Amino acid sequence: MERKVAIIGAGISGLLACKYALSKGHRPTVFEAQSSLGGVWTKTLEITKLQTPKPLYQFSDFPWPDSVKEVFPDQYQVLEYIESYARQFDFLHHIRFDTKAVSINYEGASSEVQQAWALWGGTGEPFDSKGGKWYITIQDTKSLSTEVCQFDFVIICVGRFSGIPNIPEFPQGKGPEMFQGKVIHSMDYAAMDYATAKELVKGKQVAVVGLQKSALDIAMECSTANGMDLPCTVIYRTEHWNIPDYQPWGVPLAYLYLNRFSELSIHKPGEGPLLSLLATLLSPVRWAFSKFVESHVKHKLKLAKFGMVPKHSFLQELSSCLTSTVPDDFYNRVEKGSIRLKKAPSFSFCKEGILIDGKTETLKADLVILATGFNGVKKLQDIFTSPSFQDLIAGSPDKTVPLYRECIHPRIPQLAVIGFSESVANLYTSEMRCRWLAELLDGTFKLPSIKEMEKDIAEWDESMKQYSDKNYRRSCIGALHIWYNDGLCKDMGWNPKRKKGFIAELFEPYGPMDYACP
């Protein structure tokens, strides 16, 4: 039976959700606030490249074209690949561009009835036979006119890395308002055209706050613009295992962390006694893999020379989905002096620039760029008009965002969230989730009880905390990619073992093409 499905966002996850909803005979409408598809890839920094090697970042039924030779394609190549995918499968006429989903409101069972549910939606079914519907208020971003549309199911694909910037809080009288220069977020910088961005930083003392990918890329662009005459200062709180490549000492990283053997050394949510014992026995292997990668990174980037050796392990970095690549030549520029690194557990603003706590000298600046990430949870919350749904989707601040299989909230009916939880290869993970969701909508399987789903969510949360430690983030499957996909496969009735032969199954890395067919 054809159902009306709303998809919010035309990034990677939104396109995949559209494809697999269509494959089951539903009628999807994708609402995209921008004028083009591609999500975060529609506008990036000039030097930004794909963070994941392209064999891990591709659609299972649409390989990269032979014309793209680079292992890490640039923004233009990635965007063209995504657009080609949309054209190939004829998605464009399902997308309403320049149309923002302002809010969504559920009309169905009362809140009292919902609280008494034992199964998702009361029956465990994805569609409410008693008439429950979602009403989406949409706005034309050009004319600002609004309308309300009704749908049987909603898929939220807004992602975590756009929309609402995460701005650090400062004590009264010590925030950006005290600074005589300019303070912007990396989101504002990325939104500029390349010429405007270059003009903004040219001839200025720039301080970049952060040490993840956006911060490193911005620092590189500032270094290129100003050289050693006006070094760019990178202010960071914690050192990270930002890697130079995916070949530690010549061994592909996938052979260390993306096969079944590597996951046998890690305790997994819902594992039985035998797997638990095996993970304990293999803990020296887990430690050795991490040290092997760390030794390569320290050697190649000369981290000790710059005081940049992290205190946590590489496994903790990977388990927190914090791993990113260092731009080529970054540490060479640190050594030459066009980029300076300043550790600051905390800082504040003054008239001339930045005061690092514990230091008396002012770090003078004309421009401060906050590469401090995004408030993805608030972005997700703000979509809902219901305060109770806002609270439910946010969950507890010290626990994972409560999504079963990282897709379904046990207590919010007829709705899924795709692409919010991270992995080591987000496109590949989103495709698996969209296929799982399509099978759920088609009635291939039913969800367990609400209590069972909440138990599973709690187990995944504990697993993430165990290996992430202080770097814990609320939505990440980290180093358990195959174990996670195994759960999706079992739900869908697929054989989770996708390789030919015992040795291949144990040691060969898993990637998107392993899941091309059911």
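The values are calculated or read from the model by the stated rules, or taken from the named source; none is laboratory data. None of these values were measured; they are calculated from a predicted model. Glycine gets a Cβ as well: all are built from the backbone with ideal geometry, and neighbour counts include every protein chain shown. In case anyone asks, the SASA skips ligands and DNA or RNA and just uses the protein heavy atoms, side chains included. Shrake-Rupley method; radii C 1.70, N 1.55, O 1.52, S 1.80 Å.
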For segment 214-221, Karplus-derived ³J(HN,Hα) couplings (6.51, -1.76, 1.60; θ = phi - 60°; whole Hz; x for glycine and proline) come out as 4, 4, 5, 5, 5, 4, 5, 5
For segment 13-88, using Cα atoms only, the Rg and Dmax in Å read 13.3, 41
Pairs over 23 Å Cα to Cα, from LYS198/LYS298; LYS204/LYS378; LYS268/LYS399; LYS268/LYS300, come to LYS198/LYS298; LYS204/LYS378; LYS268/LYS300
Taking 0.36 nm per residue of separation between SER449 and SER276 and subtracting their Cα-Cα distance, the length gained on full extension comes to 59.7 nm
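Going from most exposed to least, what order do GLU294, GLU80, GLU271 have by accessible area with a 1.4 Å probe?
GLU80, GLU271, GLU294
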Between LYS499 and LYS130, the two model label points (7 Å from Cα along the beta-carbon direction) sit apart by a distance in nm of 4.9
Restricted to the chain, the DSSP antiparallel beta bridge percent, nearest 5, is 40
The size of the Cβ-based charge dipole (Lys, Arg +1; Asp, Glu -1) of the chain about the Cα centre, to the nearest 20 debye, is 900
The answer for the longest stretch of the chain without any exposed trypsin sites (Lys or Arg not before Pro) (DSSP loop, at most 10 further Cβ atoms within 10 Å) is 143-310
Judged on accessible area alone, 1.4 Å probe, highest first, VAL158, VAL209, VAL102 line up as VAL102, VAL158, VAL209
Here the convex hull volume per residue of the chain, taken over Cα atoms and given in Å³, is 162
So, with points 7 Å from each Cα along the Cβ direction, the ASN375-PHE170 label distance in nm works out to 1.7
Cross-link reach from LYS133 to lysines, straight Cα distance under 19 Å and at least 8 residues apart if same chain, gives LYS4
The lysines whose Cα lies under 20 Å from the Cα of LYS500, excluding any fewer than 8 residues away in the same chain, are LYS490
Rounded to the nearest 10 Å², the 1.4 Å probe accessible area of ASP456 is 30
Rounded to the nearest 10 Å², the accessible area of THR146 using a 1.4 Å probe with every protein chain kept is 90
Between ASP328 and THR137, the two model label points (7 Å from Cα along the beta-carbon direction) sit apart by a distance in nm of 5.0
Set LYS342/LYS465; LYS213/LYS302; LYS54/LYS379, cut-off 24 Å on Cα-Cα distance; pairs above it are LYS342/LYS465; LYS54/LYS379
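Work the Kirkwood hydrodynamic radius out for segment 59-120: mean of 1/r over every pair of different alpha-carbon atoms, inverted, in Å.
Over segment 59-120, the inverse of the mean reciprocal pair distance is 16.1 Å.
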Within segment 324-349, the residues whose backbone N lies under 20 Å from a label point placed 7 Å from the Cα of LYS69 along the Cα-to-Cβ direction are 328
Taking 0.36 nm per residue of separation between THR224 and LYS343 and subtracting their Cα-Cα distance, the length gained on full extension comes to 40.6 nm
Using alpha carbon centers only, segment 95-144 is separated from segment 453-518 by a whole-angstrom value of 30
